[in-house]
Amino acid sequence: MPLIDAQPYQFALAPSEAALLIIDMQRDFLEPGGFGESLGNDVGLLRCTIAPTRRLLAAARASGLTVIHTREGHRPDLADLAPAKKVRGKPSLAIGDVGAMGRLLVRGEPGHDIIPELYPAAGEPVIDKPGKGAFYATDLDTILRHRGVKQLIVCGVTTEVCVNTSVREANDRGFDCLVLEDCVGSYFPEFQEMGLRMIKAQGGIFGWVGQSDAVIAALRAGHAERRVA
Ligand code: C5J
């Protein structure tokens, strides 16, 4: 079992029981004119996560790892949008309003989709979630259990919101989570740091924090071994 350098201690990766979970790498959060920008954020701050996540995604696909994507968003009729969520943050445009990439955070709109650089391949489950957590009101838990997944390698945005919420939910459900520092991003540098520290503090109270290169190397080594065998 490859040991991945991580904090607070090494993560024993079991590729046959692991999945790559890529959270909300949507145009609405990463591109100008979307929901993230409507809240006053500089969406350029998230883009450093794309290149390492893309390399990891390629390695995961090549090694046969389960890959799952999530998207935050709502039904076109907004029936699943809590009134409190709609007004929260006093955005210049609210969820459901028309922006430069269609209606903000609404399923089926261009802005709701995943960025082209990380677009899901055929057969990779895409979880549409109305909340910040990837397990709330979704079938993610069912899909993971049907595939025998026990470990999650976590990427995505934003570190302190949907990544943190999803990792906490996963941890409570018994999944071991390795969050990759270079593959998660925040609009706020201080929240990036604290969001990761919260996960790995107290002996890894919610999980582990590592880097994508270590996981890529382990996946490539396992793949090469299988090809030789
Ligand atoms: C936010 C997310 N920040 N995906 N969503 O509203 O983190």
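Each reported figure results from applying straightforward, stated rules to the coordinates on display, with no laboratory input. Please read all numbers here as calculations on a predicted model, not as lab measurements. Here the Cβ is made from the backbone with ideal geometry for all residues, glycine too, and neighbour counts use every protein chain on show.
A few remarks follow.
- Neighbourhood net charge (15 Å Cβ-Cβ; Lys/Arg +1, Asp/Glu -1) for CYS48: -4
- Packing rank of 113-123, 197-207, where each peptide gets the mean count of other beta carbons within 10 Å, highest leading: 197-207, 113-123
- Of all DSSP beta bridges confined to segment 2-107, the antiparallel ones make up roughly 35%.
- Unit charges at the beta carbon, dipole of segment 13-147: most positive-side option, PRO52, HIS74, PHE29: PRO52
- Charged neighbours of GLU17, selected by a Cβ distance under 12 Å, balance to +2 (K, R count +1; D, E count -1).
- Under 18 Å from LYS129, Cα to Cα: lysines that are on another chain or at least 8 residues apart: LYS85, LYS86
- Helices in the chain, meaning DSSP H runs of at least 4 residues, each add -39500 (n - 2.57). Divided by all residues, the mean residue ellipticity at 222 nm is -9500 deg cm²/dmol.
- Separation of alpha-carbon centers, segment 10-54 and segment 132-205, rounded to whole Å: 12 Å
- Highest to lowest packing among 20-28, 59-67, 140-148, scored as the average C-beta count within 10 Å: 20-28, 59-67, 140-148
- Evaluated with a Cβ-only charge set (Lys, Arg +1; Asp, Glu -1), the chain carries a dipole of roughly 340 debye about its Cα centre, given to the nearest 20.
- Compared with the dominant principal axis of the Cα atoms in the chain, helix 212-228 is inclined by about 50°.
- Acute angle (nearest 10 degrees) that the helix 189-204 long axis makes with the longest principal axis of the chain, alpha-carbon atoms: 40 degrees
- Under the simplified labelling scheme, the GLN10-ALA137 pair shows an inter-label distance of 4.3 nm, with each label point 7 Å from Cα along Cα→Cβ.
- Distance-filtered residues of segment 127-146 - backbone nitrogen under 17 Å, label point 7 angstrom along ALA84 Cα→Cβ: 130-133, 136-137
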